[in-house]
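Undergrad: Before we start, here is the structure in question, set down as structure tokens.
The values are calculated or read from the model by the stated rules, or taken from the named source; none is laboratory data. Source: prediction; values computed, not measured. Glycine gets a Cβ as well: all are built from the backbone with ideal geometry, and neighbour counts include every protein chain shown.
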Amino acid sequence: MTISSPTLADQTRVDFPMFSNHSLENQKLIYLDHAATSQKPYKVIEALKHYYSNDNANVHRGAHQLSARATDGFEQARQITAEFINAETPREIVFTRNATEAINLVARSWGEAELKEKDEILITLMEHHSNFVPWQLLAQRTGCIIRHISITSSGELDLEDLREKLNSRTRLLSLVHISNTLGCCNDIAEITQLAHNVGSLVLVDACQSLAHQPIDVKKLKIDFLAGSSHKLCGPTGIGFLWAREKLLEEMPPFLCGGEMIQDVFLDHSTWAELPHKFEAGTPAIGEAIAMGTALNYLKSIGLKNIQSWEKTLTKHLFEKLESIDGLQILGPNPEQQPSRGALATFTVQGIHADDIAALLDTNGICIRSGHHCCQPLHRHLGLNSTARASLSFTSTIDEIDQFSEELVSTISFLKKHI
Ligand SMILES: Cc1ncc(COP(=O)(O)O)c(C=O)c1O
């Protein structure tokens, strides 16, 4: 494959300490597990260090300068997050620990207040457990019904099934943008239109898309969006829920205690303004600030540039994997679905995915094996475990070539020894 250089990976790998000082002894690191968590650039690590070294104080409380600086940094991160997804106002950004907590917030707050027996929630078979379990527990508490949209034989969302299952009882459609296992990219704008036509709200799990393509919540016309910083070159322990302001205004608090109140009396309390009503207790301040740095970093590279380079990489990854005997890839290939995500999940006939991942690891190649928190999807496909290689804008053609070469040797070794 001929690629004009320098590539986006050439330009950005130098920003990441992990790609020069990684901890694998005497081995080149080939990190192909970006979908599980992204690596962090110097800038983000520095932002965390700077905060704890210079500005560490609690937010929204102190009259002193340090607290004012911490609060400014924290609220600036909210502004950056709002701009990153083109939210109407930073009041629509609620900081959470991660995307899982963001979805739980909607289930607990909106779900318990709004849903009653026989109301329906639609999710898809390809959801991560974080978009299954909160609704299952909500159904136990409210008597609402969860319905599941199936997938097609090529591993894409079955739009016919979606159309059939959407009805006047559907109150929420909660679905993933890019599947972390199938890699397919759901057409959120079109799907949202269908859901809104029957009066249903739409929640988008954008964990696997936010770092890979521009996302504009206004254009998509969705109602809720969940994101995790650690998938966006930011730290762990911070994520966010975006929701339309009107919805957040109407929703009751989720967690409660300090920070989220306006007044506390002996027998009742009143709530702080948005978004603080949903942010109980001391938040992850430095982490939020560093997430802002990460989002600015991604913006400076350009989400369109990232998307374009990752398309090239994904095409190459598929070409390499498709040429391996006995290997089967889940989900649509880049020709069937050019918008698909930059990952490939696969099985190899007669070989356990864990063995492949463990052997590749002995050569410094990190891929993921298991159910990827998608057990219902794996059950539907009759699989226990799959292997997944996932890319980022820092990935190179050379890494994919080395991975596929090692994979061929690994398969041949395992075939001889099992
Ligand atoms: C599609 C998808 N949704 C949700 C999550 C959950 O993210 P977190 O664990 O950061 O809450 C993940 C993480 O792997 C994911 O890939």
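Undergrad: Restricted to segment 363-417, and to residues that are surrounded by fewer than 17 Cβ atoms within 10 Å (Cβ to Cβ), under 25 Å from Gln27 (Cβ atoms) and charged (D, E, K, R), which residue is modelled with the lowest pLDDT?
TA: By that ranking, first place goes to Lys416.
Undergrad: Could you give every pair whose Cβ atoms fall below 9 Å, whose first residue belongs to segment 372-383 and is within 16 Å of the ligand (Cβ to nearest atom), and whose second residue is acidic (Asp, Glu), counting only separations of at least 6 or pairs across chains?
TA: Note: pairs meeting the criteria are Cys374/Glu127; Pro376/Glu127; Leu377/Glu127.
Undergrad: Listed residues Gly350, Gly382; which is at positive phi and either of a type in the set (D, E, K, R) or touching a helix residue (DSSP H, G or I) at 6+ places or on another chain (Cβ under 8 Å) (or both)?
TA: From the options Gly350, Gly382, the qualifying one is Gly350.
Undergrad: Right, something else. Within segment 244-262, which residues are part of a helix (DSSP H, G or I) and of a type in the set (Lys, Arg)?
TA: Lys246, the sole residue that qualifies.
Undergrad: Can I ask one more? Is at least one residue of segment 62-83 in contact with an Asp or Glu (Cβ under 7 Å, 6 or more places away or on another chain) and within 29 Å of Gly341 (Cβ to Cβ)?
TA: Yes, that holds for at least one residue.
Undergrad: Among (1) surrounded by fewer than 24 Cβ atoms within 10 Å (Cβ to Cβ); (2) within 15 Å of the ligand (Cβ to nearest atom), where does Arg244 come up short?
TA: (2)
Undergrad: Further, regarding this structure: Taking the residues in segment 263-291 that are of a type in the set (A, V, I, L, M) and in a helix (DSSP H, G or I) as candidates, determine which candidate is surrounded by the most Cβ atoms within 10 Å (Cβ to Cβ).
TA: Met291
Undergrad: When the residues of segment 28-52 are narrowed to those that are of a type in the set (D, E, K, R) and part of a helix (DSSP H, G or I), which ends up surrounded by the most Cβ atoms within 10 Å (Cβ to Cβ)? Step through it out loud before you land on a result.
TA: Going through segment 28-52, the residues of a type in the set (D, E, K, R) turn out to be 28, 33, 40, 43, 46, 49.
Still in the running and part of a helix (DSSP H, G or I): 43, 46, 49.
Values: Lys43: 16, Glu46: 13, Lys49: 13.
Applying the filter and picking the extreme gives Lys43.
Undergrad: Next question. If Gly237 passes every condition in (1) part of a loop (DSSP other than H, G, I, E, B); (2) closer than 26 Å to Ala344 by Cβ but one, which one does it miss?
TA: Condition (2) is where Gly237 drops out.
Undergrad: Any idea which of Thr410, Thr396 is more than 16 Å from the ligand (Cβ to nearest atom) and without any contact (Cβ under 8 Å) to a residue 60 or more places away in the chain?
TA: Answer to the selection: Thr410.
Undergrad: Report, by residue number, each residue of segment 319-358 that is surrounded by 19 or more Cβ atoms within 10 Å (Cβ to Cβ) and in a helix (DSSP H, G or I).
TA: Lys320, Leu321, Ala353, Asp355, Ile356, Ala357
Undergrad: Next up: Restricting the first residue to segment 38-49 and requiring it to be closer than 25 Å to Arg368 by Cβ and touching a residue at least 60 places away in the same chain (Cβ under 8 Å), which pairs with a second residue that is of a type in the set (Asp, Glu) and part of a helix (DSSP H, G or I) meet a Cβ separation below 8 Å and a spacing of at least six or different chains?
TA: As it stands, the answer is Pro41/Asp15, since those pairs meet every condition given.
Residues are listed down the side, and each one gets a yes or a no for (1) under 23 Å from Gln11 (Cβ atoms); (2) out of contact with any Gly (no Cβ under 9 Å at 6 or more places or on another chain); (3) among the small types (Gly, Ala, Ser); (4) in the same structural domain as Ser409 (by TED's automatic domain parsing):
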| position | (1), (2), (3), (4) |
| --- | --- |
| Ile289 | no, no, no, no |
| Ala294 | yes, no, yes, no |
| Thr314 | yes, no, no, yes |
| Ile329 | no, no, no, yes |
| Pro332 | no, no, no, yes |
| Ala342 | yes, no, yes, yes |
| Gly350 | no, no, yes, yes |
| Ala358 | no, yes, yes, yes |
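Let's see how each residue does on (1) in the same structural domain as Ala389 (by TED's automatic domain parsing); (2) within 22 Å of Arg108 (Cα to Cα); (3) of a type in the set (D, E, K, R):
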{"site": "Asn197", "(1), (2), (3)": "no, no, no"}
{"site": "Asp216", "(1), (2), (3)": "no, no, yes"}
{"site": "Asp223", "(1), (2), (3)": "no, yes, yes"}
{"site": "Ile238", "(1), (2), (3)": "no, yes, no"}
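Undergrad: Does Ser168 fit the bill of being outside any strand (DSSP E or B) and in contact with a Pro (Cβ under 8 Å, 6 or more places away or on another chain)?
TA: no
Undergrad: Could you give every pair whose Cβ atoms fall below 6 Å, whose first residue belongs to segment 81-103 and is under 17 Å from Leu247 (Cα atoms), and whose second residue is at pLDDT 95 or above and hydroxyl-bearing (Ser, Thr, Tyr), counting only separations of at least 6 or pairs across chains?
TA: Filtered contacts from segment 81-103: Ile93/Thr81; Ala102/Thr96; Ile103/Ser130.
Undergrad: Moving on. Taking strands (runs of 3 or more DSSP E) that fall entirely within segment 55-155, which contain at least 1 residues that are closer than 30 Å to Leu295 by Cβ and among the polar types (S, T, N, Q)? Before you say what the answer is, go through the steps one by one.
TA: On the way: elements: 93-96, 120-124, 145-149.
Strands (runs of 3 or more DSSP E) meeting the threshold: 93-96, 120-124.
Undergrad: Within segment 162-171, is even one residue surrounded by 23 or more Cβ atoms within 10 Å (Cβ to Cβ) and in the same structural domain as Asp205 (by TED's automatic domain parsing)? Explain how you work it out, then say what you get.
TA: Just the residues of segment 162-171 that are surrounded by 23 or more Cβ atoms within 10 Å (Cβ to Cβ), to begin with: none.
The answer is no; no qualifying residue exists.
Undergrad: Name the residues in segment 175-189 that are more than 8 Å from the ligand (Cβ to nearest atom) and within 14 Å of His34 (Cα to Cα), would you?
TA: Selection gives Thr181, Gly183.
Undergrad: Let me ask you something else. Residue under question is Leu210, and the condition is that it be within 24 Å of the chain's Cα centre (by Cα), within 11 Å of the ligand (Cβ to nearest atom) and part of a loop (DSSP other than H, G, I, E, B); does it hold?
TA: In short, yes.
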